[in-house]
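A.B. asks: The structure follows.
The values are calculated or read from the model by the stated rules, or taken from the named source; none is laboratory data. None of these values were measured; they are calculated from a predicted model. Cβ coordinates were reconstructed from backbone atoms using ideal geometry, including for glycine residues, and neighbour counts include every protein chain displayed. Surface areas here come from the heavy atoms of the whole protein model, side chains and all, with no ligands, DNA or RNA. Shrake-Rupley method; radii C 1.70, N 1.55, O 1.52, S 1.80 Å.
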Amino acid sequence: MVLVTGGTGLVGAHLLLHLIENGENVRAIYRTQNNIQKTKTVFELYQKGDLFEKINWLEADILDVPSLEIAFIDIDYVYHCAALISLEPQDEDKLRKTNIEGTANMVNFSIAKGIKKFCFVSSIAALGDIAPHETYITEETDWNPEKPHSDYAISKYGAEMEVWRSLQEGLDVIIINPGVILGPIPKTKTDDQGSAEFYTRVANGLSFYTLGSTGFVTVNDVVRIAFDLMKSDIKNERFTLIAENIVFRDILNTIADALKVKRPTIHATPFLVNLGWIADGIFSTLFFQKRRLTKAAAKASYSNNLYTNEKIKTALGTVFTDVHQYIKDISKL
Ligand SMILES: NC(=O)c1ccc[n+]([C@@H]2O[C@H](COP(=O)([O-])OP(=O)(O)OC[C@H]3O[C@@H](n4cnc5c(N)ncnc54)[C@H](OP(=O)(O)O)[C@@H]3O)[C@@H](O)[C@H]2O)c1
């Protein structure tokens, strides 16, 4: 049987569907009954609502060892997708606990229970820091602790360290490092982070764009590749999963066109973004509001990191879905 963590999230829900469609027997853990509905909505979106009943749900938390003891009964393979995604400075402790300690618990159980293969969903945030003479960040690029990193990036890097440690202790592992993962467009207002936030902000009439860029990939590609890697003989390697590097202005324009709303028209230069970050800090301090623009988000919005997908293409012959076409198609669902 296959154990999936984070099954109520974007990646986990799509992974559960992909696993069931491929005949796998799956157990998914959840923390709150209500969130299971999110997974059902994903299955229904693809007209696969009947397959939802095949999931064996179990209440468990990756930070609660006794609940994991039960979750691991009769498990052969593990996909660890659960994580906290946040750029909020006040979430530093929660990020470290959920992402590092939670992953340590998952690999410790996997070693103890003789799991055959363990897939960890990491992030491009956990890849290294580019040196002045390099163009692309690859799976081999070294992490430079001297460089500034978001708490989220540090937590995903720390989680990877736990996975590499488990490899030394005999566990066969696969790590995938996706870029920003694009999924279905939420039908209702959402507080989600990540790509859902992109859609919501554009739908609400985003005026600003930046010329920063990063790697993007569709959720369907991420789960398909994770599954293919787990089924292959490949082990103890990590793979960057991006379809392409895209400038934020271009992705925002594509989303605006798909949602039939006005494109963002004002270029937020790094100077303006930083000004916004300072103003937001003063405003949130004065009025005890939650910060809307964090320093990490401000920096990410104009950074031009370039990633490469050559390793996974060579390993599996992967052909990635075109991200712009995906946004157009998904807006029609
Ligand atoms: N979304 C992206 O753009 C992106 C990009 C690169 C990498 N990733 C990585 O991909 C993975 C999945 O991301 P996602 O977008 O699917 O995230 P998501 O939609 O925010 O879902 C997160 C999942 O983790 C679960 N979770 C959090 N804390 C938990 C805990 N203590 N115990 C058990 N479950 C817990 C959540 O359960 P509840 O429903 O109970 O909260 C939820 O199912 C993460 O590891 C993330 O770092 C995401």
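A.B. asks: So what is the relative contact order for the chain, in percent, with contacts set as C-alpha pairs under 8 Å and at least six apart?
C.D. replies: Rounded, it is 16 percent for the chain.
A.B. asks: Between residue 231 and residue 113, what FRET efficiency follows from the Cβ-Cβ distance if R0 is 25 Å, with the result rounded to 0.05?
C.D. replies: Given R0 = 25 Å and the Cβ-Cβ separation, E is 0.80.
A.B. asks: Ok, one more. For the stretch 197-270, count the residues as N, evaluate 2.2 N^0.38 Å, and divide the Cα radius of gyration by that value, please.
C.D. replies: 1.43
A.B. asks: Please report the accessible area of residue 57 (heavy atoms, 1.4 Å probe, ligands and nucleic acids excluded) in Å², nearest 10.
C.D. replies: 50
A.B. asks: What does the net charge come to around residue 257 if you take all other residues with beta carbon closer than 9 Å to its beta carbon, with K and R at +1 and D and E at -1?
C.D. replies: Neighbour charge sum, excluding residue 257 itself: +3.
A.B. asks: How do 172, 322, 221 rank by accessible surface area computed with a 1.4 Å probe, from largest to smallest?
C.D. replies: Descending order: 322, 172, 221.
A.B. asks: Take the cross-link list 262/311; 40/311; 38/332; 54/94 and give me the ones stretching past 28 Å between alpha-carbons.
C.D. replies: 262/311; 40/311; 54/94
A.B. asks: Then there's this: Using the Kirkwood radius over C-alpha pairs as Rh, can you work out the diffusion coefficient of the stretch 80-233 via Stokes-Einstein at 37 °C, viscosity 0.692 mPa s, in µm² per second?
C.D. replies: Rounded, D is 192 µm²/s.
A.B. asks: Using only protein heavy atoms and a 1.4 Å probe, report how much of residue 73 is accessible, in Å² to the nearest 10.
C.D. replies: For residue 73, solvent-accessible area is about 90 Å².
A.B. asks: Which is farthest toward the positive dipole end of the chain among 32, 144, 271, measuring Cα position about the Cα centre, with Cβ charges +1 (Lys, Arg) and -1 (Asp, Glu)?
C.D. replies: Comparing the listed Cα positions along the dipole, 271 ranks first.
A.B. asks: Further question: Taking 7 Å along the Cα-to-C-beta vector as the label spot, tell me the residue 41-residue 269 distance in nanometres, rounded to one decimal.
C.D. replies: Result: 4.0 nm between the two label points.
A.B. asks: R0 = 25 Å: FRET efficiency of residue 304 with residue 207, Cβ-based, nearest 0.05?
C.D. replies: Computed FRET efficiency for residue 304 and residue 207: 0.70.
A.B. asks: Of 106, 161, which has the most accessible area with a 1.4 Å probe, and how do the rest follow in descending order?
C.D. replies: Reading off the accessible areas and sorting them downward yields 161, 106.
A.B. asks: Which value, in Å to one decimal place, does the Kirkwood hydrodynamic radius take for the stretch 65-134 when every pair of different Cα atoms is included?
C.D. replies: 14.0 Å is the Kirkwood radius here.
A.B. asks: Another one. Using alpha carbons only, how many degrees (0 to 90, rounded to 10) separate the axis of helix 270-286 from the longest principal axis of the chain?
C.D. replies: 80
A.B. asks: When you have a sec, figure out the Kirkwood radius of the stretch 1-81 from all distinct Cα pair distances and drop it here in Å to one decimal?
C.D. replies: Hydrodynamic radius (Kirkwood, Cα only) of the stretch 1-81 equals 12.4 Å.
A.B. asks: A further question follows. Please work out whether the stretch 109-188 counts as rounded, prolate or oblate from its C-alpha gyration tensor, where a ≥ b ≥ c are the square roots of the eigenvalues and a/c under 1.5 means rounded, while otherwise a/b larger than b/c means prolate and anything else oblate?
C.D. replies: It is oblate, given that a/c is not under 1.5 and a/b is not larger than b/c.
A.B. asks: What shape does the stretch 113-152 have by the C-alpha gyration tensor, where a ≥ b ≥ c are the square roots of the eigenvalues, rounded means a/c under 1.5, and otherwise prolate means a/b greater than b/c and oblate the rest?
C.D. replies: Prolate shape, in that a/c is at least 1.5 and a/b is the bigger ratio.
A.B. asks: Still on this structure, please answer the following. How big is the chain along each principal axis, measuring the range of its Cα positions in Å and listing the largest first?
C.D. replies: That works out to 55, 46, 45 Å along the principal axes.
A.B. asks: Continuing with the same structure: Please find the FRET efficiency linking residue 74 to residue 147, where r is the Cβ-Cβ separation and R0 is fixed at 51 Å, and quote it to the nearest 0.05.
C.D. replies: For R0 = 51 Å, the calculated efficiency reads 0.70.
A.B. asks: Lysines near residue 116 by alpha-carbon distance under 21 Å, same-chain residues fewer than 8 away left out - which ones?
C.D. replies: Within reach: 231, 235.
A.B. asks: Continuing with the same structure: Using a 1.4 angstrom probe on the protein heavy atoms only, line up 77, 136 by accessible area, largest first.
C.D. replies: Output order, biggest surface exposure first: 136, 77.
A.B. asks: Just report the Cα centroid separation between the stretch 140-176 and the stretch 227-252, whole Å.
C.D. replies: 16
A.B. asks: Got the relative contact order for the stretch 54-101 handy, in percent, Cα pairs under 8 Å and 6 or more residues apart?
C.D. replies: It rounds to 32 percent for the stretch 54-101.
A.B. asks: Given Cα pairs under 8 Å that are at least 6 residues apart, what percent is the relative contact order of the stretch 106-188?
C.D. replies: 45
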